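Since the structure comes first, as structure tokens, the remarks are kept for the end.
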Amino acid sequence: QQQVKQSPQSLIVQKGGISIINCAYENTAFDYFPWYQQFPGKGPALLIAIRPDVSEKKEGRFTISFNKSAKQFSLHIMDSQPGDSATYFCAASTGNAGKSTFGDGTTLTVKP
Amino acid sequence: DAGVIQSPRHEVTEMGQEVTLRCKPISGHNSLFWYRQTMMRGLELLIYFNNNVPIDDSGMPEDRFSAKMPNASFSTLKIQPSEPRDSAVYFCASTYFGGGHTEAFFGQGTRLTVV
């Protein structure tokens, strides 16, 4: 049973556009929701994270929106740039940030 | 700090051979994690350690897999005997766990190919 479902699987956006990736979780014990960015040949790197007591968190062009009642959270990338082209993973964890359940990933391509 | 260091970066081995993957966590971190990434199954947590002690190995696929952390600066993941279905990218990650959530840092991974 997949505990974190991510969509879409792939996304193509024009430069300057908004990229939106969605995730849903099942386990209400999750208390930390990070988003990771992964470039080919590299390990995942933390992009931004949120705790369930906050409905939104913004860092630069990246925003997480969190809906606790719906058990959903999403990543918005504003003014998307070609350098944002990567695979993005949502994740959820309980207690220890490193012990995460990952979504399947979204491959984002930003066209110039 | 150089980050989480994994070796080798690439490993090609024949089915039935023993494979050992190595990881050096970030200095000062007390939690270490081994993940496996495949196209079919995505990123899966295999095992994690707190203060060098294995806490949860429920993700280890079978007895052919074993992991050790003899000290705070070194961990190994061993597969014996290896099989073609073990081909994947294996990541090591570390974090400082002190009762709250702090960032987990991943290494660059070891790409394992078993032929």
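Mind listing whichever residues of region B:101-115 are more than 7 Å from chain A (Cβ to nearest Cβ), open to solvent by less than 60 Å² (accessible area, probe 1.4 Å) and aliphatic (A, V, I, L, M)?
B:Leu112, B:Val114
Which ones in region B:49-59 are open to solvent by 20 Å² or more (accessible area, probe 1.4 Å) and within 14 Å of chain A (Cβ to nearest Cβ)?
Within region B:49-59, B:Asn50, B:Asn51, B:Val53, B:Pro54, B:Ile55, B:Asp56, B:Asp57, B:Ser58, B:Gly59 meet the criteria.
I need a count of the residues in region B:6-28 that are within 14 Å of B:Ser73 (Cα to Cα) and open to solvent by 80 Å² or more (accessible area, probe 1.4 Å).
Of the residues in region B:6-28, 3 are within 14 Å of B:Ser73 (Cα to Cα) and open to solvent by 80 Å² or more (accessible area, probe 1.4 Å).
Can you find even one residue in region A:50-58 that is free of Cβ contacts under 8 Å to residues at least 12 places away in the same chain, on the phi < 0 side of the Ramachandran plot and either touching a Lys or Arg at 6+ places or on another chain (Cβ under 6 Å) or of a type in the set (A, V, I, L, M) (or both)?
So far as region A:50-58 goes, no, none of its residues is free of Cβ contacts under 8 Å to residues at least 12 places away in the same chain, on the phi < 0 side of the Ramachandran plot and either touching a Lys or Arg at 6+ places or on another chain (Cβ under 6 Å) or of a type in the set (A, V, I, L, M) (or both).
Name, by its number, the condition in (1) open to solvent by 60 Å² or more (accessible area, probe 1.4 Å); (2) free of Cβ contacts under 8 Å to residues at least 12 places away in the same chain that does not hold for B:Asn71.
(2)
In this structure, is A:Gln38 under 14 Å from the mean Cα position of the chain (by Cα), buried (at least 17 other Cβ atoms within 10 Å of the Cβ) and modelled with pLDDT of 95 or more?
yes
Can you name the residue in region B:29-48 that is touching a Lys or Arg at 6+ places or on another chain (Cβ under 9 Å) and either more than 25 Å from A:Lys5 (Cα to Cα) or among the charged types (D, E, K, R) (or both) and, of all such residues, is surrounded by the most Cβ atoms within 10 Å (Cβ to Cβ)?
Selected residue: B:Ser31.
Conditions (1) within 14 Å of chain B (Cβ to nearest Cβ); (2) touching a residue at least 12 places away in the same chain (Cβ under 8 Å); (3) of a type in the set (Asp, Glu), marked per residue:
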position: A:Gly60; (1), (2), (3): no, no, no
position: A:Thr63; (1), (2), (3): no, yes, no
position: A:Lys68; (1), (2), (3): no, yes, no
position: A:Ser74; (1), (2), (3): no, yes, no
position: A:Ser80; (1), (2), (3): no, yes, no
position: A:Ser85; (1), (2), (3): no, yes, no
position: A:Gly95; (1), (2), (3): yes, yes, no
position: A:Gly103; (1), (2), (3): yes, yes, no
position: A:Lys111; (1), (2), (3): no, yes, no
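Please report, ordered by residue number, the strands (runs of 3 or more DSSP E) entirely within region A:68-112 with at least 3 residues that are open to solvent by less than 50 Å² (accessible area, probe 1.4 Å) and over 20 Å from B:Glu103 (Cα atoms).
The qualifying strands (runs of 3 or more DSSP E) are A:106-111.
In region B:83-100, how many are under 15 Å from the mean Cα position of the chain (by Cα) and more than 14 Å from chain A (Cβ to nearest Cβ)?
Number satisfying all stated conditions: 2.
If you go through region A:41-57 one residue at a time, do you hit one that is at the interface with another protein chain (Cβ under 10 Å from one of its Cβ atoms), open to solvent by 10 Å² or more (accessible area, probe 1.4 Å) and charged (D, E, K, R)?
Yes, region A:41-57 has at least one match.
Out of the residues in region B:96-115 that are assigned to a loop (DSSP other than H, G, I, E, B) and of a type in the set (Phe, Trp, Tyr), which is modelled with the lowest pLDDT?
Result: B:Phe97.
The values are calculated or read from the model by the stated rules, or taken from the named source; none is laboratory data. Remember, it's a predicted structure, so these values are computed and weren't measured experimentally. Cβ atoms come from the backbone with ideal geometry, glycine included; neighbour counts cover every protein chain shown. These area figures cover heavy atoms from the full protein model, side chains too; ligands, DNA and RNA do not enter into them. Shrake-Rupley method; radii C 1.70, N 1.55, O 1.52, S 1.80 Å.
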